[in-house]
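The values are calculated or read from the model by the stated rules, or taken from the named source; none is laboratory data. Not measured: the values here are computed from a predicted model. Quick reminder, even Gly has a Cβ in these numbers, built from the backbone with ideal geometry, and neighbours come from all protein chains shown. The area values use the complete protein model at the heavy-atom level, side chains included, leaving out ligands, DNA and RNA. Shrake-Rupley method; radii C 1.70, N 1.55, O 1.52, S 1.80 Å.
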Amino acid sequence: MDKHINPFLFPYSTPHETAPFDRITMEDYEEAFMEGIRREDEQIDLIINDPAEPTFENTLIRDDEVKGRKHYYDLLDRVSSVFFNLTSAETNDEMDQLAQKLSPILTKHANDISLNPKLFERIKHVYDSFFGENAQPPRELTAEEEMLLKDSYEGFVRSGALLEAKDKERLRTLTEEASMCSLQFSQNLLKENKAFTLHLTQEEDLDGLPDTAREAAAAAAKEHGVEGWVITLDAPSYGPFMMYSTRRELRRQLYMAHNTLCIKDNSENNLEICKRLVNLRREMAQLLGYENFADYVLRHRMATDTQHVYQLLNNLIDAYKPTAEKELKELKELAQQTEGKGFKMEPWDTAFYAQQLKLKKYNLDPEMLRPYLELNNVIKGVFGLATRLYGITFKENTDIPVYHPDVKPYEVYDKDGAYLAVLYVDFHPRKGKHDGAWMTEYQGQWIEEKTGENVRPHVSLVMNFSKPTDDKPALLRLGEVETFLHEFGHSLHGIFANTRFESLSGTNVWWDFVELPSQFMENYAIEKEFLRTFAFHYETGEPMPDELIQRIVDSRNFNVAIACLRQVSFGLLDMAYYTQTKPFNEDIISFEKQAWKRAILGKQRTDTCMTTQFSHIMAGGYAAGYYSYKWAEVLDADAFAVFKREGIFNTETAQRFRDCILSKGGTEHPMTLYKRFRGGEPTIDALLERNGIQKRVI
């Protein structure tokens, strides 16, 4: 019997050197992680023990390009990308346990680098030679080199390089504990989310549900090995049930299950973990000289400080709340017309009556659109949009290994036929997969210093869309098409990356800029010219009727103000936690209700909680950064206004967007990149006009 060889330790013999998922075993991960740490330590030793005077070339490039000896010094990156992507997309108990074991080891390793005094001394020497008081630059830096040097120096400072020894040790302790808390938060949320099912055995309990939801529930029951129908908390199951079910008590049960995740008296409770994360991050920021964690984060954001964040959020509340109150009043009036004047609308009624009102006002039901939004056609439409705008093409290559049969691997080619990237797409929910949608990478883009090779990225899109059933293909909701476009926008940011340094390529940009390419793409979802390219009835092949498309356009701003305030409320909650300056020990649920009160419509429930499932700000990268969705929405509306003026498929405009933004990553300040595309700074006017809050000024 042949001895198993750990595939991480050697060059991949796969198309485009993609991850060999078919040859990776659980035992391979830990060995590769430990060897990767050893190799990276070896590389750091080469840098700090170099007898030559520190220069940009022998310190910064070698530090950033740990890939100087390909397949050797990039081992830790390669195994990390696979392992941690799969803990989100295809995990199991064994992987979760290994993640718990590895997390403190990896955090310690990262700290060993960022707190290495000899390494920082060399980087500081280079930095001072270009930007210090007595600087005598040995040469002129390119804009990208300047950004790398500044990011590297400031990254070390922000990681504690200037702290006293005892404070460095305290920072180590805090970062290691925060890493473990974030991991535990995520694992608890996934377990509790997947553990819940609403098992229905009486057909009358399906009343109001469209055929697609009934068929999906029957398929879910089969998957769970039970008779009848099963509703889960995954979005394709939860959303339609809340929207269509006439069984109010069942809607209440489902809503409460979703909105009490991780606050029950069990091992998955996240309440204390959230408090601890808030305190750990506050103390880290204060050790580093900041008043609070938000000040620390916003130092490297377009918003720059908390004042600008609150200015944006408060301006949105002022602009949208009057409209939102009218929207809510209209919903309540319809509910009382239907149920009687004494009817009190609860949160589990909102989606149901919103759908009834949308049907009444616009004669539009999302189910009317599903037959025209068959997944394979949507894929062709979204890929075709990129072809039309940028000339790139997509070719499925089944020789590329995948981590689950649901995953489709594509090669992406540029308009001149040159290979551009690998793109994985993973569409449907399953047991070991987190809810939501995201873009990630298995390999970033960079240019090899010695050979000049432009190493192309391996990008992954992970979503949780409606599944096919026994007699129907996967038929999507329009909201799912928007999600696809959103994540695809992120993927284009990665696919088009064309920078010298990997740490500045693709989506490695300031956090309140990263959502621009994704939210920009969502604009196409209701454009008639775009829908005409793929929205064909899955049975008859007939195109979506013009009058149905017009109803979509007419209803675009239905309850837009309520949706805006919901996002603003999340931003307020995020900022409330991370502007804390003293130890936080308040009751999470009470604090939450007060924190976002200004953006909330109506009376709040005291038996539900968002915080304990708010992965973005507790376990993701959005702590003190959730406002960035609204910040980027201002940018995306402003940018799409340019396309509307010059033509939504204008290839010259698209090329400018690619050249100025999508390919540049974080090589220059985001506003510099945006102004180069736009010709000026953005304003909020385009967003207000798009949402119908403000009339267009001609």
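Summary of values
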item	result
Top-ranked residue of the stretch 254-300 - restricted to ones that are polar (S, T, N, Q) and farther than 16 Å from Tyr578 by Cβ, ranked as surrounded by the fewest Cβ atoms within 10 Å (Cβ to Cβ)	Ser267
Residue that is free of Cβ contacts under 8 Å to residues at least 12 places away in the same chain, out of contact with any Asp or Glu (no Cβ under 8 Å at 6 or more places or on another chain), farther than 30 Å from Asn193 by Cβ and not polar (S, T, N, Q), where the choices are Tyr290, Tyr310	Tyr290
Lys150 vs. criteria over 28 Å from the mean Cα position of the chain (by Cα) and within 24 Å of Val297 (Cα to Cα)	no
Members of the stretch 549-562 found to be within 16 Å of Asn523 (Cα to Cα) and not charged (D, E, K, R), listed by number	Ile549, Gln550, Ile552, Val553, Ser555, Asn557, Phe558, Val560
Pairs where the first residue, in the stretch 104-128, is under 10 Å from Ile48 (Cβ atoms) and the second is modelled with pLDDT under 95 and open to solvent by 50 Å² or more (accessible area, probe 1.4 Å), C-beta under 7 Å, 6+ apart	none
Verdict on Glu539 being touching a residue at least 40 places away in the same chain (Cβ under 8 Å), part of a loop (DSSP other than H, G, I, E, B) and exposed (fewer than 15 other Cβ atoms within 10 Å of the Cβ)	yes
Test: Asp638 is of a type in the set (D, E, K, R) and open to solvent by less than 30 Å² (accessible area, probe 1.4 Å)	yes
Exclusive hit being over 27 Å from the mean Cα position of the chain (by Cα) and modelled with pLDDT under 95, set Gly289, Gly342	Gly342
Hits in the stretch 87-103 (condition: in contact with a Ser or Thr (Cβ under 7 Å, 6 or more places away or on another chain) and without any contact (Cβ under 8 Å) to a residue 60 or more places away in the chain)	none
Test: residue in the stretch 131-153 that is in contact with a Phe, Trp or Tyr (Cβ under 6 Å, 6 or more places away or on another chain), free of Cβ contacts under 8 Å to residues at least 40 places away in the same chain and buried (at least 18 other Cβ atoms within 10 Å of the Cβ)	yes
Enumeration of residues in the stretch 7-45 that are loosely packed, with under 13 Cβ neighbours inside 10 Å, of a type in the set (A, V, I, L, M, F, W, C) and either closer than 30 Å to Arg122 by Cβ or modelled with pLDDT of 95 or more (or both)	Met26
Residues of the stretch 501-513 satisfying the condition of being open to solvent by 10 Å² or more (accessible area, probe 1.4 Å) and either closer than 22 Å to Ile392 by Cβ or assigned to a helix (DSSP H, G or I) (or both)	Glu502, Ser503, Thr507, Asn508, Val509
Test result for Gly680, over 25 Å from the mean Cα position of the chain (by Cα), over 30 Å from Lys344 (Cβ atoms) and surrounded by fewer than 21 Cβ atoms within 10 Å (Cβ to Cβ)	yes
Residue in the stretch 81-97 that is assigned to a loop (DSSP other than H, G, I, E, B), out of contact with any strand residue (DSSP E or B) (no Cβ under 9 Å at 6 or more places or on another chain) and open to solvent by 30 Å² or more (accessible area, probe 1.4 Å) present	yes
Helices (runs of 4 or more DSSP H) (entirely within the stretch 591-698) containing at least 3 residues that are in contact (Cβ under 8 Å) with a residue 60 or more places away in the chain	628-646, 651-657, 670-678
Set Asp151, Asp211, Asp167: member being of a type in the set (Asp, Glu) and within 30 Å of Gly479 (Cβ to Cβ)	Asp211
Test: residue in the stretch 400-407 that is closer than 28 Å to Phe657 by Cβ, in contact with a Leu (Cβ under 7 Å, 6 or more places away or on another chain) and open to solvent by less than 60 Å² (accessible area, probe 1.4 Å)	no
Selection status of Glu547, of a type in the set (Asp, Glu), in a helix (DSSP H, G or I) and open to solvent by 20 Å² or more (accessible area, probe 1.4 Å)	yes
Test: residue in the stretch 564-576 that is touching a residue at least 60 places away in the same chain (Cβ under 8 Å) and under 30 Å from Lys472 (Cβ atoms)	no
Search result, residues across the stretch 464-482 that are out of contact with any His (no Cβ under 9 Å at 6 or more places or on another chain) and surrounded by fewer than 21 Cβ atoms within 10 Å (Cβ to Cβ)	Thr469, Asp470, Asp471, Lys472, Pro473, Leu478, Gly479, Glu482
Test: residue in the stretch 436-457 that is open to solvent by 10 Å² or more (accessible area, probe 1.4 Å), in a loop (DSSP other than H, G, I, E, B) and closer than 19 Å to Phe84 by Cα	yes
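This table checks each residue for (1) farther than 30 Å from Ile661 by Cα; (2) at pLDDT below 95; (3) of a type in the set (A, V, I, L, M); (4) touching a His at 6+ places or on another chain (Cβ under 9 Å).
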| position | (1), (2), (3), (4) |
| --- | --- |
| Phe558 | yes, no, no, no |
| Cys564 | no, no, no, no |
| Met575 | no, no, yes, no |
| Pro583 | yes, no, no, no |
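Here's the yes/no breakdown for (1) of a type in the set (A, V, I, L, M, F, W, C); (2) at pLDDT below 95:
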{"site": "Ala294", "(1), (2)": "yes, no"}
{"site": "Leu298", "(1), (2)": "yes, no"}
{"site": "Ala303", "(1), (2)": "yes, yes"}
{"site": "Gln307", "(1), (2)": "no, no"}
{"site": "Gln311", "(1), (2)": "no, no"}
{"site": "Lys321", "(1), (2)": "no, no"}
{"site": "Ala324", "(1), (2)": "yes, no"}
{"site": "Lys329", "(1), (2)": "no, no"}
{"site": "Ala335", "(1), (2)": "yes, no"}
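The rows are residues; the columns are (1) of a type outside the set (Lys, Arg); (2) open to solvent by 30 Å² or more (accessible area, probe 1.4 Å); (3) at pLDDT below 95; (4) within 17 Å of the chain's Cα centre (by Cα).
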residue	(1), (2), (3), (4)
Ala595	yes, no, no, no
Arg598	no, yes, no, no
Cys609	yes, no, no, no
Ser615	yes, yes, no, yes
Gly620	yes, yes, yes, yes
Val642	yes, no, no, no
